[in-house]
Amino acid sequence: MVHHADASNFDDGLTKEEAYEQVLMQAEGLFDGQRNWVCNLSNTASLLWHAFQSLGAPSNRVNWSGFYVIDPSRVERDQLILGPFHGKVACQTIALGRGVCGTAASLKKTQLVRDVEAFPGHIACDSASQSEIVVPIVVGSGTDDEKLVGIIDIDCAVLDGFDEVDQAQLEKLAALLASSCDWP
Ligand code: SME
């Protein structure tokens, strides 16, 4: 299937809910017939970045959006490794339980951090980041075979960059990604 760069164009004046609806709709289209995790996370990183840039403050101050996945080189599955993203160069690996990303991963629970300075152990990849949301991507959620495969990480250069709308929509996106990709 041919996909077009227009998928990353977001009209001016969309509400945050509408922008997320477009991200989810475009993502579903892009994942149709494609299950490679690098391919699907790369296109999702593009959709998220352009969605945030199209919105008003504080969303347009997002300075990093992307993914970490479970590092397949460690049989213990105890470390995240950097995945596809938009933004500045970032930490390559993060131990489960460390920082906002490692905490979300080990607890399998979204971390909505309104002020990163107030989060014990926050890892400052970029000193510009002031708030952050990290959403776990879990395969087989609620079953005995539940398995964390990665996380969505979004950073914002102002305090209070994210709210419950971001959490609800990104959790939908994480569920879509969990079921749409073959994971390492
Ligand atoms: N701040 C994150 C590290 C990843 S970067 O923000 C891209 C953390 O505390 O886990």
* How many nm separate the modelled label positions at Ser127 and His4, each set 7 Å beyond the Cα in the direction of the Cβ? -> 4.5 nm
* Could you give the length gained on full extension between Ala168 and Leu24, defined as 0.36 nm per residue of separation minus the Cα-Cα distance, in nm? -> 50.6 nm
* **Computed [θ] at 222 nm, helices only, for the chain once each DSSP H run of length n ≥ 4 contributes -39500 (n - 2.57)** => -10500 deg cm²/dmol
* **Solvent exposure of the chain as accessible area per residue, Å², 1.4 Å probe** => 48 Å²
* **Sequence-distant lysines (8 or more away, or on other chains) whose Cα lies within less than 20 Å of Lys16** => Lys172
* To do: Starting from the Cα of Lys88, draw a straight line to each of the aspartates and glutamates and keep only those under 17 Å, dropping any in the same chain fewer than 8 residues away.
  => Asp126, Glu132, Asp153, Asp155
* Full-stretch length increase - Cys39, Ser106 - with 0.36 nm per residue and alpha-carbon distance subtracted -> 21.6 nm
* Structure fact -> Its Cα gyration tensor gives the chain an equivalent ellipsoid whose semi-axes in whole Å, largest first, are 23, 21, 14
* Could you tell me what percent of the accessible area of the stretch 9-85 is made up of carbon and sulfur, with a 1.4 Å probe and every protein chain present? => 47 percent
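The values are calculated or read from the model by the stated rules, or taken from the named source; none is laboratory data. Small disclaimer: the values here were computed from a predicted structure and weren't measured. Methodologically, a virtual Cβ is constructed for each residue, glycine included, from the backbone with ideal geometry; neighbour enumeration extends over all protein chains shown. Side chains included, ligands, DNA and RNA excluded: accessible areas come from the protein's heavy atoms. Shrake-Rupley method; radii C 1.70, N 1.55, O 1.52, S 1.80 Å.
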